[in-house]
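Just below is one structure, and these are the notes that go with it.
The values are calculated or read from the model by the stated rules, or taken from the named source; none is laboratory data. Please read all numbers here as calculations on a predicted model, not as lab measurements. For neighbour counting, all protein chains shown are included, and Cβ atoms are generated from backbone atoms with ideal geometry for every residue, glycine included. Surface areas here come from the heavy atoms of the whole protein model, side chains and all, with no ligands, DNA or RNA. Shrake-Rupley method; radii C 1.70, N 1.55, O 1.52, S 1.80 Å.
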2 protein chains.
Amino acid sequence: MSGYFDSAASMPIFPRALLNTLTKINHGNPSSAHLPGRQAKKIINNTRLQIADYIGGDPDQIYFTSGATEAANILIQGYISYLINNSSFRNEIIVSSIEHPAVFQTAYAMQSKGFVIREISCNEWGEINCNEIERLVNEKTAMVCIMAVNNETGAIQPVNEIARQIKKIDSDVFVVCDAVQQFAKLDVKPELQVVDALFMSGHKIGADKGIGCFYLSNRFPILPLMYGGVQEQSYRPGTENVYGIALLGEALMESLRNHDSTIGKVRQLARHLISRLDFLQVNYVRLVPDEKSSPYILSLAFPGTSSASMMRDLTTSGFYISQGSACSSHSMAPSRILSAMRLPNEIITSAIRISFSYENTLEEVDLLADHLALYCKVEIEI
Amino acid sequence: MSGYFDSAASMPIFPRALLNTLTKINHGNPSSAHLPGRQAKKIINNTRLQIADYIGGDPDQIYFTSGATEAANILIQGYISYLINNSSFRNEIIVSSIEHPAVFQTAYAMQSKGFVIREISCNEWGEINCNEIERLVNEKTAMVCIMAVNNETGAIQPVNEIARQIKKIDSDVFVVCDAVQQFAKLDVKPELQVVDALFMSGHKIGADKGIGCFYLSNRFPILPLMYGGVQEQSYRPGTENVYGIALLGEALMESLRNHDSTIGKVRQLARHLISRLDFLQVNYVRLVPDEKSSPYILSLAFPGTSSASMMRDLTTSGFYISQGSACSSHSMAPSRILSAMRLPNEIITSAIRISFSYENTLEEVDLLADHLALYCKVEIEI
């Protein structure tokens, strides 16, 4: 009895993508001028083309990083450094209150450089409030960071609507989108007419941990965080993770090959879990309505229980879910995201995240539902 | 007819290390509190122990990065940021003139923050001049960066002697060592009594590209370059490259298992190449004497030829060597390292780097020597 329901933290690697990668990579350094070096470079540029093709951008505007955290840091710190270096009068950063720590903490770190952070709030189901944009954007706004899908709740965000509003007010505001939980999974793609930069992470789409990339429009220059090489057009020096990049391309292709059927499958799994919980008369609260949520992520609260002890119990029984995001899983502080949604305390402290991938089965979901039902019954009766 | 003689740019992965890694890694996010997460974390900490054990440090002082370039940036930028934040009066950085660009360019980038860069020169065979330390270190010296083995020439550096001299003058000077070409290869280890930080790169020791680590003594605090997670004690946030870290540990174990025999083997290969060239009466110059050089790297010049065209010819014939380091292999500028050695122009423009690994054979070396002899004969006669 077991099931891995934490693909939003890290998705299992596509086996075929891994096999293809292992047969493809060689030992050359992509900076070497000889054949093995050029072959390694070609693998990198092949993935670059695949990503550009998927997002609808130019391959020259795709930059590989060690993951989404690094990408967020390069984009935010890099643009702020550029503004400071050019004595820009813009000194405000707008972030949504539900951004991932990689964006949220990096934006707040810019306070030490004289930047003011303004937060866009979200509504009760975790959707960023579009109607605050007009009030928040002004002539001092340097950049706006909005995510495509929230990692803790699965709430799909009105990225393009917000980006369009911003660009209508001032086309020189730099709009950055955390596409980590949308990339290769959902059709609601950031539109590159209004979104100037986006980033993703390999291990959320069935590639490996330690790789990611960002797209950056030529309109917005950044200064690099690091020095010492001309890799990735000097935006990200250091020998490239060829294995990770090759696997990223393979995983993207695998995702796109089965795109619609996987969405159908995970939606069925999520709905099946919900109907099982209903059938078993479990007292749960779904934090984001079905039509507002990524089908890959199900955010549920079980009033009367504690998510921390529920998680321990599930782990013991071989069900791997998450209490908030993986990055904060060892923290005992209440989720910043659920707090931003102004949910009652008993919801916040009893919320868990169940996230799906191509690997999960209906049988696993049945077992999970049964286990949740049993757990809630015992826990609440005590 | 072919041979890969560019392991100093990137060494072939140890097949057994790769197989062990693939059977060991799982899909958990090391930040997750559940079993797959804890298993992933354990893999990371296992490699941490192996590295600490090898260098003779504390596992808590080992930090994983995406490679040596990132490690160098974190250490240099991180310490300088710390000093600035604490209004230190120290504003000088000493680097050797033969440092890798990851160190050299990062140090020079600190000029924009008000730091003065002082270079230690090297002698004619590329060894850093110890006798300049006393003159260069003063009460304003913040840090000194010296490499263990030069990546272009293979020249072994008197790291410990220099570090001891520095510490004798002022124990609060931060001594950082680029151990990339020494780590797991040579016995001349940086001594942690006098060297405060060192870093290495996975793909130079038979692990994969995209991973590296640094050791940092508790005595010297640094500010992180990036924000958004508590991984690696917040010095390096972002989901860890578990595959890369696991493989790093496996490759280190594999290196140490065959440490002396591999040194013996590559030394034999290098000496065999030299005696073959002598036998074939090739006019060559060895840039670093045998006893001063890492046996893994052979730096040779062929007066009267051009290293660029020699490299093209060798590549066409399936011999993969390097003209300087991989990072500058597409550059036409004369090598900064060889220029620092004040070598005559005809030596600088005809120098190539031949580097070995466990994979090379005497037969390959014979073929390479024959090809070099033929090339020099034809090229010089024309």
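So the values come out like this:
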read-out: Residues that are more than 23 Å from the chain's Cα centre (by Cα) and among the hydrophobic types (A, V, I, L, M, F, W, C), drawn from region B:129-162; value: B:L136, B:V137
read-out: All positions within region B:89-127 that are open to solvent by less than 10 Å² (accessible area, probe 1.4 Å), within 14 Å of another protein chain (Cβ to nearest Cβ) and in contact with a strand residue (DSSP E or B) (Cβ under 8 Å, 6 or more places away or on another chain); value: B:I93, B:V95, B:E99, B:A102, B:V103, B:A107, B:M110
read-out: Condition check for B:A179: small (G, A, S) and closer than 29 Å to B:T23 by Cα; value: no
read-out: Hits in region B:59-84 - residues which are polar (S, T, N, Q) and facing chain A (nearest Cβ under 9 Å); value: B:T65, B:S66, B:T69, B:N73, B:Q77
read-out: Qualifying positions in region B:1-13 - open to solvent by less than 20 Å² (accessible area, probe 1.4 Å) and either out of contact with any strand residue (DSSP E or B) (no Cβ under 6 Å at 6 or more places or on another chain) or β-branched (V, I, T) (or both); value: B:S10, B:M11, B:P12
read-out: Tally of residues being over 22 Å from A:G78 (Cα atoms) and at pLDDT 95 or above across region A:160-190; value: 14
read-out: Boolean, B:R16 is basic (K, R), away from chain A (no Cβ under 13 Å) and either within 30 Å of B:Y320 (Cβ to Cβ) or crowded, with 24+ Cβ neighbours inside 10 Å (or both); value: yes
read-out: Condition broken by A:T23, with the remaining ones in (1) in the same structural domain as A:M143 (by TED's automatic domain parsing); (2) assigned to a loop (DSSP other than H, G, I, E, B) satisfied; value: (2)
read-out: Region A:259-277, subset small (G, A, S) and under 23 Å from the mean Cα position of the chain (by Cα), residue most open to solvent (accessible area, probe 1.4 Å); value: A:S261
read-out: Tally of residues being more than 21 Å from the chain's Cα centre (by Cα) and either in the same structural domain as B:S299 (by TED's automatic domain parsing) or in contact (Cβ under 8 Å) with a residue 24 or more places away in the chain (or both) across region B:90-113; value: 5
read-out: The one condition in (1) in a loop (DSSP other than H, G, I, E, B); (2) open to solvent by 10 Å² or more (accessible area, probe 1.4 Å); (3) outside the structural domain of A:L372 (by TED's automatic domain parsing) that A:Q233 fails to fulfil; value: (1)
read-out: Odd one out for B:S201, checked against (1) surrounded by 24 or more Cβ atoms within 10 Å (Cβ to Cβ); (2) hydroxyl-bearing (S, T, Y); (3) outside the structural domain of B:L75 (by TED's automatic domain parsing); value: (3)
read-out: Candidates A:L280, A:L287, A:L256, filtered to the one that is over 30 Å from A:I25 (Cβ atoms), more than 14 Å from chain B (Cβ to nearest Cβ) and surrounded by fewer than 19 Cβ atoms within 10 Å (Cβ to Cβ); value: A:L280
read-out: Selection count, region A:26-58, where residues are at the interface with chain B (Cβ under 10 Å from one of its Cβ atoms) and assigned to a loop (DSSP other than H, G, I, E, B); value: 9
read-out: Any chance B:S234 is within 14 Å of another protein chain (Cβ to nearest Cβ), farther than 30 Å from A:G210 by Cα and over 21 Å from the mean Cα position of the chain (by Cα); value: no
